[in-house]
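Let me begin by presenting the structure, written as structure tokens, before commenting on it.
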Amino acid sequence: MAFSLASPRTPAAAIRLLADAPRGDVEVLAGGTDLLLDLDAGRVAPSRLIALGRLPWRTLRRSGGDLVIGATLPLADLERDPRLPRDLPGLFRAVRAVGSVALRHRATIGGNIARASPASDLLPVLLALDARVRLLGPSGARELPLPALLRGPRETSLTPGELISHVVVPVRRPSAYLWQRVRPSNDISQVGIAVARRERAPYWAVALGGVWPVPVRLPSVETILDAPVPGDAQVERAAQEAALRAPFVTDKRATETYRRRLVAILLRRAVHAVAGAPQGRSR
Amino acid sequence: MRTDAPAKVRGALQYGADLEAEGMLWGALVPSPVAHGRLVAIDAAAARAMTGVRAVVTGEDLDRLLPKGGGDPARRMFPSDELTYRHQPVAAVAADSLAAARAAAAAVRVTAQELSSVDGIEEIFPDWPGDEGRRSPHVVAHVHARRGDLEGAFASAEFVLSQIYRTSGVAQVALEPHVCLARVEGDRYYVRTSTQAPFAVRSDTAEILGVPESKVVVEGSWVGGGFGGKASALLEPYAVVLAAAAGRPVRLGLSYREEFLLGRSTLPAVVRIDSSVAGGTITGRRVRLLLDAGAMLPGRDFATGFAIGFLAGPYRIGAVELEGYAVRTHKPPFGAHRAPFAPQCAFVVESHMDAIARRAGIDPIDLRLAHAWQEGDETPLGQRVGPFGLRAALERAAKRRSEWRADGRGTGGIGVACGFWSTGTGAGGEVSVTLSRTGVRIVEGEREIGSGSVVRGLVAVVERLTGLPPAAVRLEYRATDAAPFDSGVFGSRTVGALGRAVETAVRTALATLAERAGVPEVGLVYEAKELRVRVRGRARPLATWLTAAERKDGGLTVRGRHYGRSGAFDAGRVLDGEFYAYTDFTASVALAQAAVDPETGAVRPERVAEFLDVGVALDPEMIRSQMEGGIAMGLGEALTEETLWAASGRLGNPGLLDYRVPTLGEIPPLETETIEGYRGAGPFGAKGVGEPPIIPVPGAIANAVLDATDAQVPELPMTPERVARALKPL
């Protein structure tokens, strides 16, 4: 394992380095919590790493109705934001579900999104909250809805030389994130489910992790819910729909059958948590 | 305080991973690419041509490198024909750096003809085998014993409860992977290694290399954890042949991934257990075990006869039949891990006991109290039970259960489970003890493995015997060519067996001094950093009672030996195979409260209490740490830890991400209590405490789940999915 490490100080320099490098020969290093495993196992062998740690993107600010999170902000910093539990309870819970305390001091939100893991704890809640990503590349900046970025495991629609600079999350929507894993304190979730409720129709957003190939929204489930406080029968139909539609597979962490059972259970709990919570608060 | 603590906190102690020597090369192993197959060819040309590669060794090189070309053909270092598990070493490489060694190992081309593999025991025996079991070429061991009229008991029972349980393999997960450093000087092989048992590594290494033991010198390093995986040779013979081939010292270690693949995991088992019950009494029990032995060589399995002794439980039962098979599969050989297989056995028996209690309408603790062994009872094989604190532990557990039910601090079910153990003797051991002006020096071959049994346990024996402070006692470690023999730190035997050797040595020294002083007894005192002898109430210089030669040697040196013997069982009850007798009888009882999510099946332990029969508590603080560690490890085996073996001998989770040891977040409040007064085989009646604490934990959690949900989970670990399946079939 031999590579050169570049630590550009400006976004422009980072993009230039990235655009100049031959494809497949360069990897982008944010927190490195996933990339370093790949390097160690020999799954990737770049000759150059571009570290983003010096870029001015370790930021967190509020703008209008949005929370704008810098791509290289460590999750621990996001977790410590005093307003997050109230503003975005689902995101707060999801951030705390990622790895361990130590890992969250390294891992970044941009890295988590760019790795596009099927088991990501952050992607479901960001999808449910209609998060957008700001990208910066050789031909300038653009903003995409998150689903347009996610292609598959470790696969995004970023173009050569393009980086995620910020994640934009609309705030003040009640939301919840529930997960299930074998080892609660630190594990990959078997299923993660995020729900968020808007103020007017269509009310509900439901998104899932622990699926294949990448976390998704479940529009047919959202349609069934269709009321600020859905009735029990409605929730039950939504739960059954989620169990039916979710793109689950069997892997070493859980069987498909168990995941289908789990998603119905967790959806019921998540919807009830959000529907029953005072405005702006939930689990 | 532990004498090793300051240096460990400062990072100053030399662990195996710190071993270095001038001119040292780095080794790497070349793994078999198949679980089962024929070795066709090994092409090392590309590897040999790589920069920094100093040696590539295959089976063909052994004739050149070793005086007799190797030792016991059954234990060949490199297979010459049949490959029997994936990652089995087929060649080894030494290079200037670890990266170069690993790259070269990856460049060695191994051609194998893949054969169909046996991936699990139930492929061979989907049901309990009849007579064909003994004749199966897959069986490497068979044990069978009977006591009493089982057919009669079953025929006259009110009910017979028949259950099947399955357990998974668990990995060692010592923080420090296996590592050693070998060099060759003339016809002698010197090995420094992270081991629990330097003398066992010496004899193993010599046997595998085909040289006399006197040609192998083993020196233990400080050990970053050992639970049985470091109690015999693993890497040492490979490091030796690499050093012989390269003419330079070679350090060989496992990566953490390799640790999962080669580091001696335990393997899965299936247990059938049937009990007959009449009038609230268990009248008969039949236990049938199928143990996955992996690529274990015939004649080397100890686990089946050892484990099956635990499977009837520490209970008085009139008629018992025990039968077990070790089945060879294409996984790595079965390894011993903290109370080898006993937690799994206790999970089975104790789950079964609670099922009986429910069916019979008896409180689980009452059922156990009614059957618990007491001194004078007989084991199924007819060994007399010695002093045994099981009833006392159960009574304490009953009291604690009432307190828990009343205090409302938990919401979940409460379960109890019993475990039993016997302090190991090993092949015995010796120490050399010197009384000098500066204190008491114990010279031996064992390093501390982390439990405290050496640095605290042996010292505590001297403290108890003499009243000296710990500062007056020093341990010195020697390599096997200079240390007195001892069989190693395993089987909870360090204090129980080697501690007796220390006790004997110190008593002999005191008696010698008393004789010279012409008094019935003398004492030792430590004042102003000087060891003095108290004769008739007066502290006098030690030198007063030493001979001129002793004064010249620096003190009075005495050997202490302890070759403990197990009790005897009735060989007439053994129909086949090898069983093991016990030295003493140690009880551990766990009480667990756990909440279960009735839908997802997630189990959340709320608290665990444990009651341990220690004989005498030589160091209560160290015992507590062993109990807390054992409970934590037991929670892992209960709920999260398993090796995921897939088809063709592939391990699905060779890493700490998906092999889930508990973190602090998984450990609930723990309560520990010791029970004294039931004498064991160790010094002052102490019993070993390394292994007993883990044994009852999975069973107690299982019974807490049963109490919470009315469902039994017939498989370890009790992952949420397995619990959910038990609550409502998927």
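The values are calculated or read from the model by the stated rules, or taken from the named source; none is laboratory data. This is a predicted model, so every value here is computed, not measured. Don't worry about glycine lacking a Cβ; one is built from the backbone with ideal geometry, like all the others, and counts go over all protein chains shown. Surface areas here come from the heavy atoms of the whole protein model, side chains and all, with no ligands, DNA or RNA. Shrake-Rupley method; radii C 1.70, N 1.55, O 1.52, S 1.80 Å.
For B:T640, only one of the following conditions fails: (1) in contact with a helix residue (DSSP H, G or I) (Cβ under 9 Å, 6 or more places away or on another chain); (2) away from every other protein chain (no Cβ under 11 Å); (3) within 28 Å of B:T411 (Cα to Cα). What is its number?
(2)
Could you tell me whether segment A:214-225 includes any residue that is away from chain B (no Cβ under 14 Å), touching a Gly at 6+ places or on another chain (Cβ under 6 Å), assigned to a loop (DSSP other than H, G, I, E, B) and not charged (D, E, K, R)? Steps first, answer last, please.
Taking segment A:214-225 and keeping what is away from chain B (no Cβ under 14 Å), we get A:214-225.
Then keep just the ones that are touching a Gly at 6+ places or on another chain (Cβ under 6 Å); that gives A:214-215.
Next cut, assigned to a loop (DSSP other than H, G, I, E, B) only: A:214-215.
Those left that are additionally not charged (D, E, K, R): A:214-215.
Within segment A:214-225, one or more residues are away from chain B (no Cβ under 14 Å), touching a Gly at 6+ places or on another chain (Cβ under 6 Å), assigned to a loop (DSSP other than H, G, I, E, B) and not charged (D, E, K, R).
Taking segment B:604-627, which residues are within 14 Å of chain A (Cβ to nearest Cβ) and under 29 Å from B:R391 (Cβ atoms)? Give the derivation first.
Initially, segment B:604-627 is screened for residues within 14 Å of chain A (Cβ to nearest Cβ), giving B:604-606.
Of everything in segment B:604-627, those that are within 14 Å of chain A (Cβ to nearest Cβ) and under 29 Å from B:R391 (Cβ atoms) turn out to be B:P605, B:E606.
Quick check, is B:T600 touching a Leu at 6+ places or on another chain (Cβ under 9 Å), outside any strand (DSSP E or B) and facing another protein chain (nearest Cβ under 10 Å)? So that I can check it myself, show each step before the final result.
Working: touching a Leu at 6+ places or on another chain (Cβ under 9 Å): yes; outside any strand (DSSP E or B): yes; facing another protein chain (nearest Cβ under 10 Å): yes.
Answer is yes for this residue.
For the structure I just gave you, tell me whether B:D149 is more than 30 Å from the chain's Cα centre (by Cα), more than 30 Å from B:E642 (Cβ to Cβ) and modelled with pLDDT under 95. Walk me through it before giving the result.
On the way: more than 30 Å from the chain's Cα centre (by Cα): yes; more than 30 Å from B:E642 (Cβ to Cβ): yes; modelled with pLDDT under 95: no.
Answer is no for this residue.
Taking into account only those residues within segment B:25-69 that are assigned to a loop (DSSP other than H, G, I, E, B) and in contact with a helix residue (DSSP H, G or I) (Cβ under 6 Å, 6 or more places away or on another chain), which is nearest to B:V240 (Cα to Cα)?
We begin by selecting, within segment B:25-69, every residue assigned to a loop (DSSP other than H, G, I, E, B); these are B:32-36, B:44, B:49-52, B:66-69.
The next check asks that each one be in contact with a helix residue (DSSP H, G or I) (Cβ under 6 Å, 6 or more places away or on another chain); those that pass are B:35, B:50, B:52, B:66, B:69.
On the way: B:A35: 26, B:M50: 22, B:G52: 19, B:L66: 10, B:G69: 13 Å.
Top of the filtered list is B:L66.
Could you go through segment A:46-53 and let me know if any residue there is at pLDDT below 95, of a type outside the set (D, E), in a loop (DSSP other than H, G, I, E, B) and surrounded by 16 or more Cβ atoms within 10 Å (Cβ to Cβ).
yes
Being under 26 Å from A:R96 (Cβ atoms) and open to solvent by 10 Å² or more (accessible area, probe 1.4 Å) is the filter here; which residues of segment A:36-45 pass it? Don't jump to the end; show me each part of the working.
Our first condition is that a residue be under 26 Å from A:R96 (Cβ atoms); within segment A:36-45, this holds for A:36-38.
Residues satisfying the conditions are A:L36, A:L37.
Mind checking which residues of segment A:74-128 are within 14 Å of chain B (Cβ to nearest Cβ) and of a type in the set (V, I, T)?
Passing the criteria: A:V98, A:V101.
Residues of segment B:232-253 being touching a Leu at 6+ places or on another chain (Cβ under 6 Å) and surrounded by fewer than 21 Cβ atoms within 10 Å (Cβ to Cβ), which ones?
B:R248
Does at least one position in segment A:242-261 carry a residue that is of a type in the set (K, R) and touching a strand residue (DSSP E or B) at 6+ places or on another chain (Cβ under 7 Å)? Give the steps one after another, and end with the answer.
Pass one, segment A:242-261, residues of a type in the set (K, R): A:245, A:252-253, A:259-261.
Those left that are additionally touching a strand residue (DSSP E or B) at 6+ places or on another chain (Cβ under 7 Å): A:259.
Yes, segment A:242-261 contains a residue that is of a type in the set (K, R) and touching a strand residue (DSSP E or B) at 6+ places or on another chain (Cβ under 7 Å).
If a residue counts only when it is under 20 Å from A:Q190 (Cα atoms), which helices (runs of 4 or more DSSP H) contained entirely in segment A:67-117 have at least 2 such residues?
Values: elements: A:75-80, A:84-87, A:89-97, A:101-106, A:109-115.
In segment A:67-117, the matching helices (runs of 4 or more DSSP H) lie at A:89-97, A:101-106, A:109-115.
Of the conditions (1) in contact with a helix residue (DSSP H, G or I) (Cβ under 9 Å, 6 or more places away or on another chain); (2) modelled with pLDDT under 95; (3) open to solvent by 20 Å² or more (accessible area, probe 1.4 Å), B:T438 satisfies every one except a single condition; which number is it?
That leaves (2) as the condition not met.
Working only within segment A:171-202, note down all residues that are within 14 Å of chain B (Cβ to nearest Cβ) and assigned to a loop (DSSP other than H, G, I, E, B). Give the derivation first.
As a first pass, look at segment A:171-202 and keep what is within 14 Å of chain B (Cβ to nearest Cβ): A:178-193.
Scanning segment A:171-202 gives A:R181, A:V182, A:R183, A:P184, A:S185, A:N186, A:D187, A:I188, A:S189, A:Q190.
B:Y580 passes all but one of (1) over 28 Å from B:Q14 (Cα atoms); (2) of a type outside the set (A, V, I, L, M, F, W, C); (3) modelled with pLDDT of 95 or more; (4) surrounded by 14 or more Cβ atoms within 10 Å (Cβ to Cβ); which number fails?
In the conditions (1) over 28 Å from B:Q14 (Cα atoms); (2) of a type outside the set (A, V, I, L, M, F, W, C); (3) modelled with pLDDT of 95 or more; (4) surrounded by 14 or more Cβ atoms within 10 Å (Cβ to Cβ), B:Y580 misses (3) alone.
Which residue is nearest to the other protein chains (Cβ to nearest Cβ), if the candidates are limited to segment A:241-256 and must be surrounded by fewer than 16 Cβ atoms within 10 Å (Cβ to Cβ) and assigned to a helix (DSSP H, G or I)?
Checking each candidate, the answer is A:E256.
Just to be sure I understand the filter: pairs with C-beta atoms under 6 Å, separated by 6 or more residues or on different chains, first member in segment A:31-42 and of a type outside the set (A, V, I, L, M, F, W, C), second member in a loop (DSSP other than H, G, I, E, B). Which pairs pass?
A:G31/A:A107; A:T33/A:A107; A:D38/A:V44
Does B:L39 count as farther than 23 Å from B:E259 by Cβ, among the aliphatic types (A, V, I, L, M), open to solvent by 20 Å² or more (accessible area, probe 1.4 Å) and at pLDDT 95 or above? Walk me through how you get there before you give the answer.
Details: farther than 23 Å from B:E259 by Cβ: yes; among the aliphatic types (A, V, I, L, M): yes; open to solvent by 20 Å² or more (accessible area, probe 1.4 Å): yes; at pLDDT 95 or above: yes.
When the stated conditions are applied, B:L39 passes them.
Would you be able to tell me the number of residues in segment B:209-222 that are in contact with an Asp or Glu (Cβ under 7 Å, 6 or more places away or on another chain) and either closer than 25 Å to B:Y256 by Cα or assigned to a helix (DSSP H, G or I) (or both)?
Step one: of segment B:209-222, the residues in contact with an Asp or Glu (Cβ under 7 Å, 6 or more places away or on another chain) are B:215, B:217, B:220, B:222.
Remaining after also requiring either closer than 25 Å to B:Y256 by Cα or assigned to a helix (DSSP H, G or I) (or both): B:215, B:220, B:222.
Number satisfying all stated conditions: 3.
If you go through segment B:340-376 one residue at a time, how many are open to solvent by less than 40 Å² (accessible area, probe 1.4 Å), modelled with pLDDT of 95 or more, of a type in the set (A, V, I, L, M, F, W, C) and in a loop (DSSP other than H, G, I, E, B)?
Total meeting the criteria: 1.
Considering only segment B:101-111, I want to know if a residue exists there that is part of a loop (DSSP other than H, G, I, E, B) and not hydrophobic (A, V, I, L, M, F, W, C). Reasoning before the result, please.
Let us first name the residues in segment B:101-111 that are part of a loop (DSSP other than H, G, I, E, B), namely B:108.
Keeping just the survivors that are not hydrophobic (A, V, I, L, M, F, W, C) gives none.
There is no residue in segment B:101-111 that is part of a loop (DSSP other than H, G, I, E, B) and not hydrophobic (A, V, I, L, M, F, W, C).
Could you identify the single residue in A:V263, A:V206 that is touching a residue at least 24 places away in the same chain (Cβ under 8 Å), within 14 Å of chain B (Cβ to nearest Cβ) and open to solvent by less than 20 Å² (accessible area, probe 1.4 Å)? Walk me through it before giving the result.
Numbers: A:V206 fails: within 14 Å of chain B (Cβ to nearest Cβ).
Criteria check complete, one pass: A:V263.
State which residue is most open to solvent (accessible area, probe 1.4 Å) when the search covers only segment A:1-27 and only residues that are among the β-branched types (V, I, T) and modelled with pLDDT of 95 or more.
Step one: filter segment A:1-27 for residues among the β-branched types (V, I, T), giving A:10, A:15, A:26.
After this cut, where a residue has to be modelled with pLDDT of 95 or more as well, the list is A:10, A:15.
Details: A:T10: 67, A:I15: 15 Å².
It comes out as A:T10.
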